[in-house]
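Single-structure report; data block below.
The values are calculated or read from the model by the stated rules, or taken from the named source; none is laboratory data. Because the structure is predicted, anything quoted here is derived from the model rather than measured. Virtual Cβ from ideal backbone geometry, glycine too; neighbours counted across all protein chains shown. We work out accessible area using only protein heavy atoms, side chains counted, and drop any ligands, DNA or RNA first. Shrake-Rupley method; radii C 1.70, N 1.55, O 1.52, S 1.80 Å.
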Amino acid sequence: MGTNLAGKTLLITGASRGIGKAIAIRAARDGANIAVAAKTDRKHPVLPGTIHTAVDEINAAGGKGLAIRMDVRDENSIEQAVHQAVSHFGGLDILVNNASAIMLSGTLDLPVKRFDLMFQTNVRGTYLMSRACIPHLMEAPNPHVLNLSPPLNMNPKWFRDHVAYTMAKYGMSMCVLGMAQEFRKAGIAFNALWPRTVIATAALNVFDGRFKPEHCRTEEIMADAAHAILRQSSRRCTGNFFLDEDVLRGTGISDFTKYSVKPGKPLMKDLFLDA
């Protein structure tokens with residue numbers, strides 16, 4: 001395991017807020033270069049943060065940030081963003097596919113527009129981002145792609161109530177499954193990371209109180225777990241579907257209290273996990 005991510009260049013999609021930003025700031029504390037590729041370049045009416053405020057936080061944490069306005073649904077926008085990141089920092093070591101869209105609705109209640117958004121962002125966006133970055137990652141000494149997506153769990157209960165969202169997130173996980181094998185000889189690691197418990201992000205606002213923040217953990221647990229994965233040897237650590245807790249246990253952490261929004265409150269298990 002490498003000691004840290006100093007001098008490494010990361011491209012993180014959807015990193016203007018939430019888990020993506022937390023991963024960026026954790027890497028920045030090591031002195032990493034981070035390209036923040038997201039849509040929000042001006043203050044959002046509801047959601048906090050922009051690519052520019054994220055870069056300010058990255059720089060303040062000790063890293064070097066680059067704000068890139070990118071729409072992960074647009075092939076040309078992706079190509080330009082990757083080119084911009086590589087040109088600015090002189091290469092690319094790590095891609096984090098964090099950008100994602102969610103709507104937990106049944107088949108008859110889900111607007112077609114939301115179906116398209118989830119598939120364009122989660123599946124197509126992850127696939128095209130990976131495709132655009134792979135030629136540059138091949139030049140890196142320890143290249144990683146990390147998708148924020150769940151273990152592939154075929155229990156019908158995870159499809160019954162929101163089949164479209166499940167398919168869209170599993171599409172990201174299937175990219176890990178396939179690309180880890182496709183690029184194993186090239187030495188590029190493809191792994192997935194998912195939280196054991198619900199994470200308190202701005203996304204909770206779309207659930208009308210279904211998930212209460214006090215029963216969640218903070219983004220930092222995902223940031224610390226991602227940091228641990230991205231320091232592994234890319235040739236030895238690939239094709240895994242990691243849970244944040246399990247990763248951190250592997251580093252010797254057994255007390256997760258500091259990650260709770262309200263320590264002592266019962267935690268809600270995240271989607272797609274039976275046990």
Cα gyration tensor shape for the stretch 157-275, rounded if a/c is under 1.5, else prolate or oblate: oblate
For Cα Rg over 2.2 N^0.38 Å, which listed value, [x] 0.94; [y] 1.05; [z] 1.25, comes from the coordinates shown? [x]
Under the helix-only model (-39500 (n - 2.57) for each DSSP H run of 4 or more, divided by the residues of the chain), the mean residue ellipticity at 222 nm, to 500 deg cm²/dmol, is -11000 deg cm²/dmol
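Tell me, in nm to one decimal, what length is gained between ASP74 and LEU108 on full extension, where the rule is 0.36 nm per residue of separation less the Cα-Cα distance?
Gain on stretching ASP74 to LEU108: 9.5 nm.
Between SER87 and ASN155, what FRET efficiency comes out of the Förster formula 1/(1 + (r/R0)^6) with R0 = 41 Å and r the beta carbon distance, rounded to 0.05?
Approximately 0.35, to the nearest 0.05.
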Can you give the charge dipole size of the stretch 67-184 about its Cα centre, rounded to the nearest 20 debye, using +1 on the beta carbon of Lys and Arg and -1 on the beta carbon of Asp and Glu? 360
With r as the distance between the Cβ atoms of ASP41 and GLU182 and R0 = 41 Å, compute the FRET efficiency 1/(1 + (r/R0)^6) and round to 0.05. 0.75
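What does the accessible area per residue of the chain come to in Å², with a 1.4 Å probe and no ligands, DNA or RNA counted?
45
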How far is the Cα center of the stretch 13-80 from the Cα center of the stretch 245-275, in Å? 26
Distance (nanometres) between label positions extended 7 Å along Cα→Cβ at GLU139 and ASP246: 3.5
Which pairs break 21 Å Cα to Cα here: LYS169/LYS269; LYS21/LYS258; LYS39/LYS113; LYS39/LYS258; LYS8/LYS258; LYS212/LYS258? LYS39/LYS258; LYS8/LYS258
